[in-house]
Every structure is written in C-alpha cells, then in structure tokens.
Amino acid sequence: MARKLEIAQWLTPLLACAPLAITQPALASPPSSLPLVQNGGTWASGHVQGIAVDLEGGYIYYSFTNLLAKYDLSGKLIGTLVGWTGHLGDLDFNPADGKVYGSLEYKADEAFYIAVIDVSRLDRIGVEARETEIFRTVYLPEVASDYSADMDGDGQFNGNIAGTPDHRYGCSGIDGVAFGPAFGETEGKRFLTVAYGIYGNTERADNDHQVLLQYDIAEWDRFASTLTEAAPHRNGPAGVNGKYFVRTGNTTYGVQNLAYDPALQRWFMGVYQGRKEAFPNYLLFAVEARERPAMADLVGVPGQGGAEWERGLLLDLAEDGLEDPSTGIRGWQQKADVGLQPVGGGLHYLAVNSGGDNSQTADLKLMRWTGDAQQPFAPLQADK
C-alpha cells in the first residue's frame with residue numbers, strides 16, 4: 001500500500017471544517033513515511049491500553065498491560081519488554097529524553113506509578129524489565145491518597161471495589177498520560193499530565209469529573225527507581241504542579257487515553273462509556289489548551305465547613321461536537337479508548353482492540369481530524 005501522504009488530500013477538508021480549525025496555527029506536514037495502518041501483533045496479554053509514536057526515530061509502541069511491543073514504521077517487530085504483574089496503561093513518548101512514559105497500577109498495594117522506559121535500549125524480543133535499567137518507576141502519592149481515602153469515615157478502606165463509597169472522586173487509580181503545556185497555555189514548558197481512572201459507580205454523585213494532574217518532570221531522575229514488586233517503593237514527588245477537573249459525567253474507569261495535539265492546540269480524552277442516564281455518555285471529550293482553569297464548584301462533591309460543594313480548578317469542555325441539551329456537556333461518540341496519538345497536521349493514530357484470551361491484538365489506522373460532530377475522525381486513503 002502506498003504510504004506517501006498528499007497534503008491537499010487531508011489539509012483541505014481540515015481547513016474547511018469547524019471554525020476551530022481556522023483559528024489554529026498553520027498545520028505542519030507529518031512525515032511521509034507514516035503507515036496508513038499497522039497491526040501490533042498478537043499476544044498472550046491484556047488488551048491494548050495505549051500507544052506512543054516516536055516520529056523522529058520512526059517507532060510505534062503498544063502497551064498490552066503486561067507487555068510493551070516496539071515496532072518500526074514498516075511494521076517490523078523490534079523488541080518486547082515483559083516481566084511485571086501490574087497494569088501498564090496509556091503511553092506517551094517524550095522527545096526531550098527519548099523515553100516512553102506510561103501509567104502503572106498496583107491497586108492491591110495502593111501503589112501507582114509512572115513507568116519511565118528507556119526504549120532506545122529495547123532491541124530484542126523478551127527483555128525482562130526486572131533485569132535491566134530500561135524500566136524505572138516514579139511513585140505518585142497524590143493518586144494513592146485519593147485512591148485510598150476513607151470517604152464514609154467508618155475507619156476502613158474497602159479496596160478495589162467499584163461500589164464502595166470510598167475513593168475520593170471515585171478514583172480507581174490512573175490511566176491516561178500525555179505531555180503538553182500547562183492548562184491555559186499553548187506554548188512553553190511541557191508537563192506530564194496524568195488522568196485518574198474513575199470507578200463507573202452509578203450510585204454516587206461525586207465521581208462525575210475527570211481528574212487531571214500535571215507534573216514537572218525536570219527532577220524526576222532522583223525519584224526513578226527499580227520496581228521490586230515484593231516491596232513496592234514510595235519514591236516520588238510530594239506534590240503536583242496542578243490538579244484540574246473536567247465535568248463530563250461519570251465514565252467507566254475515567255480517561256483511558258489522554259492526548260495533546262499541538263497542531264489543534266487541544267487535549268483529547270478517550271473514555272469507556274459511562275452508564276449514568278442523566279448524562280450523554282460520550283466516548284471522546286476535548287479541552288482547548290488555551291482554556292484557563294477557573295476555581296469553581298465541583299458539583300456533586302460535598303464541601304466542608306458548611307459549603308455545599310467542594311471547589312477546584314475547573315476546565316470547560318471544547319465548544320464543538322455533539323451537545324447534550326440537558327447538561328450542556330459536549331463530546332463525540334468516537335472510539336478512542338485503547339489508543340489515541342496525534343502525529344502532526346491534524347492527523348492521529350487510533351487503535352482498535354480485538355482478540356480473546358491469549359490472543360490480544362491491536363489495529364492502528366491513520367485518521368484525520370474533521371471537526372464533524374458525527375464523525376470527528378476520518379481515515380486517510382492511500383494515494384491513487
């Protein structure tokens with residue numbers, strides 16, 4: 001299949017869509033070597049949870065929860081990383097240090113990490129994470145504190161149970177990760193942004209916000225540690241650079257895939273569909289990068305000291321897509337929950353998972369952003 005991309009083929013429809021596109025800077029052309037499709041192999045693992053793309057190096061990475069696969073753009077398998085029992089989720093590639101960052105959960109230990117993976121050294125099949133310095137981890141105490149919060153005050157923490165009243169904001173851990181600017185900015189320093197998983201509990205009202213943490217990772221080398229699963233470490237930053245909330249309605253396990261698109265200057269959040277009837281339960285949401293966080297009521301989250309609601313830094317949803325008239329919530333019915341990665345020029349890779357026990361696979365397709373409420377992404381076509 002031809003891979004060369006004709007700029008007019010994807011740029012013209014993009015500029016002709018919603019007003020959003022014409023307010024953005026000129027869109028840079030993506031590399032012409034990008035494949036239109038790619039398969040991530042078949043593995044005896046969990047289903048694909050995230051992807052990352054190294055545009056300059058020419059690699060695509062797939063997280064299959066307990067396995068990381070590295071492919072080049074031609075579809076050749078370069079290496080796999082294995083050897084942990086925790087849940088490796090969404091990924092992002094950091095061009096500043098050449099490493100892949102991913103969410104990593106050990107709920108039984110109330111331990112949540114960012115895995116920092118030196119993928120430049122991943123050059124063969126079956127590399128054991130515990131036997132090399134490739135796989136390092138940074139502990140996130142903010143997440144652990146919210147996850148383990150005894151919200152009903154009965155003196156007991158009920159653990160990994162969706163129906164419990166425990167877990168602040170319904171926090172089930174972490175999933176989505178992406179690098180991007182501070183909220184309210186389109187330029188400047190890039191922060192690692194981490195999204196909470198949120199239990200899909202329909203019986204409570206304090207879990208209707210997505211929770212996003214931003215971290216400056218400039219000094220994370222002093223925290224990054226080898227993970228010993230028998231004795232999980234607690235080496236990580238004491239605080240966060242920012243904690244933000246987006247009211248979307250409850251979703252099942254929060255933001256599964258988080259992505260920042262520098263060309264469109266917006267954050268995308270792909271989710272598993274929620275089940276609360278009062279909300280539209282969209283599959284994809286967006287926040288404009290220039291949207292400044294504002295201190296506001298977190299409706300549904302009980303306040304303290306006589307306040308009806310807790311207050312936090314709230315981000316509004318982007319003003320396009322479908323709109324639910326009863327809540328004002330906007331989004332799209334677009335699957336983006338197991339792999340979403342911008343690659344430049346309004347183009348994104350979206351993943352679809354398939355397979356069963358011991359046979360999980362992922363299929364990537366290169367898509368262009370259309371801005372259309374019904375079909376926000378459309379597949380690119382091969383050259384004629």
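The values are calculated or read from the model by the stated rules, or taken from the named source; none is laboratory data. Since the structure is predicted, the reported quantities are computational estimates derived from the model, not experimental observations. Counting neighbours? That spans all protein chains shown, and the Cβs are built from the backbone with ideal geometry, glycine included.
Looking only at residues in the stretch 370-384 that are in contact with a Leu (Cβ under 9 Å, 6 or more places away or on another chain) and under 18 Å from Val37 (Cβ atoms), the one that is modelled with the lowest pLDDT is Asp383. Given the criteria buried (at least 20 other Cβ atoms within 10 Å of the Cβ) and within 16 Å of Phe377 (Cα to Cα), does Gly339 qualify? Yes.
Each residue in the stretch 309-358 was checked for being over 24 Å from Pro280 (Cβ atoms) and hydroxyl-bearing (Ser, Thr, Tyr), and 2 pass.
Selection within the stretch 248-268: residues that are of a type in the set (S, T, N, Q) and surrounded by fewer than 24 Cβ atoms within 10 Å (Cβ to Cβ). The member of this set that is farthest from Leu284 (Cα to Cα) is Gln265. Residues in the stretch 182-199 that are in contact (Cβ under 8 Å) with a residue 60 or more places away in the chain, surrounded by fewer than 20 Cβ atoms within 10 Å (Cβ to Cβ) and either of a type in the set (D, E, K, R) or touching a Ser or Thr at 6+ places or on another chain (Cβ under 9 Å) (or both): Glu185, Arg190. Residue count for the stretch 345-380, restricted to those that are within 14 Å of Arg266 (Cβ to Cβ) and among the small types (Gly, Ala, Ser): 2.
Right, Ser145: in a helix (DSSP H, G or I) and either in contact with a helix residue (DSSP H, G or I) (Cβ under 8 Å, 6 or more places away or on another chain) or crowded, with 20+ Cβ neighbours inside 10 Å (or both) or not? For Ser145, the condition - in a helix (DSSP H, G or I) and either in contact with a helix residue (DSSP H, G or I) (Cβ under 8 Å, 6 or more places away or on another chain) or crowded, with 20+ Cβ neighbours inside 10 Å (or both) - is met.
Residues considered: Val53, Val48. Of these, the only one that is closer than 30 Å to Lys189 by Cα, at pLDDT 95 or above, touching a Pro at 6+ places or on another chain (Cβ under 9 Å) and among the aliphatic types (A, V, I, L, M) is Val53.
Restricting the stretch 195-226 to residues that are closer than 17 Å to Phe279 by Cβ and of a type in the set (Asp, Glu), the residue that is nearest to the chain's Cα centre (by Cα) is Asp208.
Set side by side, the residues Asn250, Asn281 differ, and just one is over 30 Å from Glu131 (Cβ atoms), in contact (Cβ under 8 Å) with a residue 12 or more places away in the chain, polar (S, T, N, Q) and in contact with a helix residue (DSSP H, G or I) (Cβ under 9 Å, 6 or more places away or on another chain), which is Asn250.
The residues of the stretch 364-380 that are of a type in the set (A, V, I, L, M) and part of a loop (DSSP other than H, G, I, E, B), listed by number, are Ala373, Leu380. Has the stretch 348-361 got at least one residue that is in contact with a strand residue (DSSP E or B) (Cβ under 8 Å, 6 or more places away or on another chain), of a type in the set (A, V, I, L, M, F, W, C), under 30 Å from Asn94 (Cα atoms) and surrounded by fewer than 16 Cβ atoms within 10 Å (Cβ to Cβ)? Looking for residues that are in contact with a strand residue (DSSP E or B) (Cβ under 8 Å, 6 or more places away or on another chain), of a type in the set (A, V, I, L, M, F, W, C), under 30 Å from Asn94 (Cα atoms) and surrounded by fewer than 16 Cβ atoms within 10 Å (Cβ to Cβ), one finds at least one in the stretch 348-361, hence yes.
Restricting attention to the stretch 98-142, the residues that are over 18 Å from Phe179 (Cβ atoms) and in a strand (DSSP E or B) add up to 8. The set of residues from the stretch 212-268 being in contact with a Gly (Cβ under 9 Å, 6 or more places away or on another chain), more than 30 Å from Ala162 (Cβ to Cβ), of a type outside the set (A, V, I, L, M, F, W, C) and part of a loop (DSSP other than H, G, I, E, B) comprises just one member, Pro262.
Considering Glu291, Glu310, Glu319, the condition of being surrounded by fewer than 19 Cβ atoms within 10 Å (Cβ to Cβ) and either under 16 Å from Gln214 (Cβ atoms) or touching a strand residue (DSSP E or B) at 6+ places or on another chain (Cβ under 6 Å) (or both) is satisfied by Glu310 alone. Taking the stretch 101-140 as the range and being free of Cβ contacts under 8 Å to residues at least 24 places away in the same chain and acidic (Asp, Glu) as the test, only Asp118 passes. If the condition is being hydroxyl-bearing (Ser, Thr, Tyr) and either buried (at least 19 other Cβ atoms within 10 Å of the Cβ) or within 20 Å of Leu212 (Cβ to Cβ) (or both), then the stretch 73-105 contributes Thr80, Tyr101, Ser103.
Considering only residues in the stretch 304-322 that are without any contact (Cβ under 8 Å) to a residue 40 or more places away in the chain and not in a loop (DSSP other than H, G, I, E, B), the one that is farthest from the chain's Cα centre (by Cα) turns out to be Trp309.
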